[in-house]
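The structure under discussion appears below in the form of structure tokens.
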Amino acid sequence: MNSDFRQRILLPIALPFGALLAILAVAYSLSRVLLAVEANLAVFIALGVAVYVLALAFLIDRRPRISSRALAVGTALALLAVVGSGVVSAAAGPRSFEEEDAAAAGAEEGGEGTADVPEGAAVFTAGQELAYTDAPETIPAGEATIALILEGLAHNVVFEELGDQLIVEGDTEGVYSDTVTLEPGEITYYCNIAGHREAGMEGTLAVE
């Protein structure tokens, strides 16, 4: 009676429940591992787990006579390895995503953009709107460094009194800079991208 109860009632309930718990344990443990290691290593680990699962399925399909004990041992070892790694990774905590985001942002700027504004530069700032959100009122005469900080749209800085010379420009978020030689006087600056100056993207500054 007890054997019949186990075979007909207990096993059909216990086996799916146990399988579900094992799957959840593996999924959670694997997620802890992937969150704890570096991004590139996480990719290799995920690929390695996928290859192991596919290899195990291939082995079972090609060798149907494999003993249930050997299959159980192989599965148990893999399960213990993943869960054990997950426990260690959970204790270590996830990696710093802020540092990765900062590194990615610096890489995306690339080209003429740099991470820092040059020391002593006259800084123009432009964002998503057709306007300079910040611009210098004065610039020392002589060789000057002009920096443009972009926070969204593409913009540039043109000096009208220098024959409408394009001083600095950028097409994505970042910091762009160049140098120019200025004589004392008044400079009218503007963005020469179509429609930007007409929208009010201009101003004046003094060269002293």
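Structural remarks
- Built amide H within the under 5 Å cut-off of Ile167, gap 5+: Val157, Val158, Phe159
- For Ser177, residues with placed amide H under 5 Å, excluding near neighbours: Leu148
- Taking other Cβ atoms within 10 Å as a rough exposure proxy, Phe124, Phe58, Phe159 sort from fewest to most as Phe58, Phe159, Phe124.
- Gyration tensor verdict on the stretch 110-207 (Cα atoms; rounded if a/c is under 1.5, prolate if a/b is larger than b/c, oblate otherwise): oblate
- Taking every alpha-carbon pair under 8 Å whose residues sit at least 6 apart, the stretch 110-207 reaches a relative contact order of 30 percent.
- FRET efficiency, Val43 to Thr172 (Cβ-Cβ, R0 25 Å, nearest 0.05): 0.40
Each reported figure results from applying straightforward, stated rules to the coordinates on display, with no laboratory input. What you see is a predicted model; the values in this text were computed from it and never measured. Note: ideal-geometry Cβ built from the backbone for every residue, glycine included; neighbour counts use all protein chains shown.
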